[in-house]
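Everything on this sheet refers to the single structure shown next.
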Amino acid sequence: RPRPSLPAAVVGAGLGGSAVAYFLQQHFGPQVQLDVYEPAGVGGRLATVTVNKQQYESRGASIHALSLHMQDFVKILGLKHRREVAGKSAIFSGEHFVLEETDWYLLNLFRLWWHYGISFLRLQMWVEEVMEKFMRIYKYQAHGYAFSSLEELLRSLGGDAFINMTQRSVAESLLEVGVTQRFVDDVIAAVLRSSYGQSVLVPAFAGAMSLAGAQGSTWAVEGGNKLVCSGLLKLTKANVIPARVMGISLHSSEGRALYQVHYEGSEGQGSAFYDMVVVTTPLHPSRSNFTFENFEPPIADFPGSFQPSVTSVVHGYLNSSYFGFPDPKLFPFASILTTDTPDLFFNAMDNICPVNISAAFRRKQPQEAAVWRVLSQQPLDKQQLKTLFRSYYSVQVTEWQAYPRYDAAKSLPPIVLHENLFYLSGVEWVASSMEMIAVAAKNVALLAYNRWHQDLEKIDQKDLMHKVKTEL
């Protein structure tokens, strides 16, 4: 068989791996032949668990309405948005609810104003300003522009202000724009605990992205969000190799870098050569023991650590008394967030719906056995499960190194590790969401394409807003 003109490897088949494979093929066309290495199964963190023959999202559950790449994927793959099942939220302090949502939009606004003054309006304006600038990325990418570092990408969207937002806390930024300390302690802390499992000390940019997701309308994919990953890989006709990549060594051929990918699968160890490699799994020592050989200068270790997170999917009867409702029939909430209280042993819990929702589906009543997803930092012991549930049929626990520990980040990881060797997962140190990963995947594919064809005009250009306007 004639050697394809561009053999490329993608390490990891989560959303980052499947999206970058799709974008690489979109830009390079049939010239690129893709091998995707994945030891654990396509989808990565977009996993589901089965309870009573029904599947439920165990992790990446909701997608923001402004996630344009995710919207595109769903359209291209002929997937559907899952039917939304309404449910009210509340914030619990460990003793009482500090804020409760009602069925009435105006009453909710009045309660926010009554408790926190105009803090929620100031928050909204702050988040909207960040999101408006962030949305420029789609214009840049539509015109083929790419960035060789996360700093360059951020600077092109929001100038030095966006860079600063990766280095100071969301609490500091919000207090500066007039949001009250009480609002930060009650509401902002609760949102960040449920999304990142961390405090209001996370950097402002990661915080803004998380708060945008909490404010706007969200959606999910009918049948499970992981269908996006398997769908994109099928569409690109990528060759998925069920093996764990142990390391990459550098060789050269005809003056061009050649990368040898070393892997281990069920049939033992092997290796293959590629002109281009994209690593989409985290390279931090706590997450992988990946080795790089023959690189000069050597590829440095990645600083920082990851936040452990535990998802417990519990099928059982909620103990509504713990939340101050002795009669379970009167318990009105489908989702409970929590404030940063030392004694609270869970970050959030919600009464979840299956990934396939029929027209006849209704959410279980509070006195019935329902499927609850509980997020915590440690596995729940028997006593804690007994506190939250009167009784239960099953508990399925998933422990994972979920998100970067944001307060430990001093600098952002690189995108370019070598000539045609790229690192995608570093974007999580800016903010972690499905759309951030899709944006990073498109950026890496454009960067790889522009570098391969020596189109340097399309990389790290200054004053892009002006350029894009003139191109239009």
In the stretch 344-356, is there at least one residue being over 29 Å from Val200 (Cβ atoms), surrounded by fewer than 18 Cβ atoms within 10 Å (Cβ to Cβ) and either in contact with a Leu (Cβ under 7 Å, 6 or more places away or on another chain) or at pLDDT below 95 (or both)? yes
Qualifying positions in the stretch 235-256 - within 23 Å of Asn289 (Cα to Cα) and over 27 Å from the mean Cα position of the chain (by Cα): Ser249, Leu250, His251
Residues that are touching a His at 6+ places or on another chain (Cβ under 6 Å): list the strands (runs of 3 or more DSSP E) wholly contained in the stretch 358-465 that include at least 2 such residues. 389-404
Candidates Leu66, Leu15 - the one that is modelled with pLDDT of 95 or more, out of contact with any strand residue (DSSP E or B) (no Cβ under 8 Å at 6 or more places or on another chain) and closer than 22 Å to Ser217 by Cα: Leu15
Say we look at the stretch 394-446 and pick out the residues that are surrounded by fewer than 20 Cβ atoms within 10 Å (Cβ to Cβ) and among the acidic types (Asp, Glu); which of these is farthest from the chain's Cα centre (by Cα)? Glu419
Residues (open to solvent by 10 Å² or more (accessible area, probe 1.4 Å), touching a residue at least 60 places away in the same chain (Cβ under 8 Å) and not in a loop (DSSP other than H, G, I, E, B)) located in the stretch 242-252: Arg244, Val245, Leu250
Regarding Pro30, is this residue open to solvent by 60 Å² or more (accessible area, probe 1.4 Å) and either touching a residue at least 12 places away in the same chain (Cβ under 8 Å) or part of a loop (DSSP other than H, G, I, E, B) (or both)? no
So, in the stretch 174-203, exactly how many residues are among the small types (Gly, Ala, Ser) and free of Cβ contacts under 8 Å to residues at least 40 places away in the same chain? 1
Kindly list, by first and then second residue, each pair from a residue in the stretch 212-241 that is closer than 24 Å to Thr50 by Cα and basic (Lys, Arg) to a residue that is open to solvent by less than 20 Å² (accessible area, probe 1.4 Å) and in a loop (DSSP other than H, G, I, E, B), limited to pairs with Cβ atoms under 8 Å and residues at least 6 apart or on different chains. Lys226/Gly43; Lys226/Leu46
Limited to the stretch 33-89, what total is found for residues that are touching a Ser or Thr at 6+ places or on another chain (Cβ under 8 Å), open to solvent by less than 30 Å² (accessible area, probe 1.4 Å), in a loop (DSSP other than H, G, I, E, B) and aliphatic (A, V, I, L, M)? 1
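The values are calculated or read from the model by the stated rules, or taken from the named source; none is laboratory data. Not measured: the values here are computed from a predicted model. We place every Cβ from the backbone using ideal geometry, glycine too, and count neighbours over all the protein chains shown. Just so you know, the surface numbers come from the protein's heavy atoms only, side chains and all, with ligands and any DNA or RNA stripped out. Shrake-Rupley method; radii C 1.70, N 1.55, O 1.52, S 1.80 Å.
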